[in-house]
Amino acid sequence: MTDHPQTRVLYDHPMSGNCQKIHMMLACLDLPYETIFVDVLNGATKERAFTRMNPMQQIPVLRDGAQTICDSQAILVYLAAKYDPDWADRTPIGMAKIAEWLSFAAKEVSNGPQMARLWHLTKEDGIDIGKATASGLKVLAQLQAHLADRDWLCLDRPTIADIAVFPYIATARDGELPLDEYPAVCAWLRRIRDLPGYRPLKGTREMAEKYKNSKEAYE
Ligand SMILES: N[C@@H](CCC(=O)N[C@@H](CS)C(=O)NCC(=O)O)C(=O)O
């Protein structure tokens, strides 16, 4: 894999919500970047060159000049700290509140809405759709209760916490979760869509089939 010492490169798949977090953050920060397509549905993250870059064998990975950062939550932390700390926070309690939601994105949102979407779009082996659906419903109920009396997940302004949780909640219907039954969650999604960095995430069963059955990159 080549080095890009002066450039910013996102290793990406157009259907990935974890990559969408980084597209949104880079757009909110108005930072230019390139993308490299990673054929994750056909095992490209398991290849030796990719594994050397990210031993976790997952996208997204961001190369920013000489730095390589893996994991969507870690990339959000890095981008905010480096380019606009208002997207995170400098106070101990503010940092802790953001970390709570980054952990929620990495575990609860991933095990629930992300896995339900992946199963319904790709029927990937190894996903227990019953468990993913139950976890997804619990996540939506928790968010509905939390957002009933606030606009943002924490700190009274949009932060990397909102960006980290957003993509797999916004696409909950792909996982056949009843998003419309959670009005406070839908209102929060609309507020995020109004941010300057918003971009919709692609994802249909047909598209998943296409990416699985061909080596094509972006259409
Ligand atoms: N905790 C990681 C999870 C990333 C993740 O699940 N990436 C998926 C694509 S959205 C992936 O690369 N899957 C390939 C694999 O796990 O083998 C993050 O937040 O970046």
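The values are calculated or read from the model by the stated rules, or taken from the named source; none is laboratory data. None of these values were measured; they are calculated from a predicted model. Glycine also receives a Cβ, built like all others from the backbone with ideal geometry; neighbour counts cover every protein chain displayed.
Does ILE36 meet the test of being assigned by TED's automatic domain parsing to the domain that holds ARG117, within 16 Å of the ligand (Cβ to nearest atom) and touching a residue at least 24 places away in the same chain (Cβ under 8 Å)? So ILE36 fails the test.
Just for the range 1-60: of the residues that are in a loop (DSSP other than H, G, I, E, B) and of a type in the set (A, V, I, L, M, F, W, C), which one is farthest from ARG157 (Cα to Cα)? That would be MET1. Looking at the range 12-23, is at least one residue over 13 Å from the mean Cα position of the chain (by Cα) and away from the ligand (no atom under 11 Å from the Cβ)? The answer is no, given that none of the residues of the range 12-23 is over 13 Å from the mean Cα position of the chain (by Cα) and away from the ligand (no atom under 11 Å from the Cβ). In the range 130-147, the residues that are assigned to a helix (DSSP H, G or I) form no Cβ pair under 7 Å with any partner that is at pLDDT below 95 and of a type in the set (A, V, I, L, M), whether six or more places apart or across chains.
Once the range 68-116 is narrowed to residues that are among the β-branched types (Val, Ile, Thr) and outside the structural domain of ALA134 (by TED's automatic domain parsing), the residue that is nearest to the ligand (Cβ to nearest atom) is ILE75.
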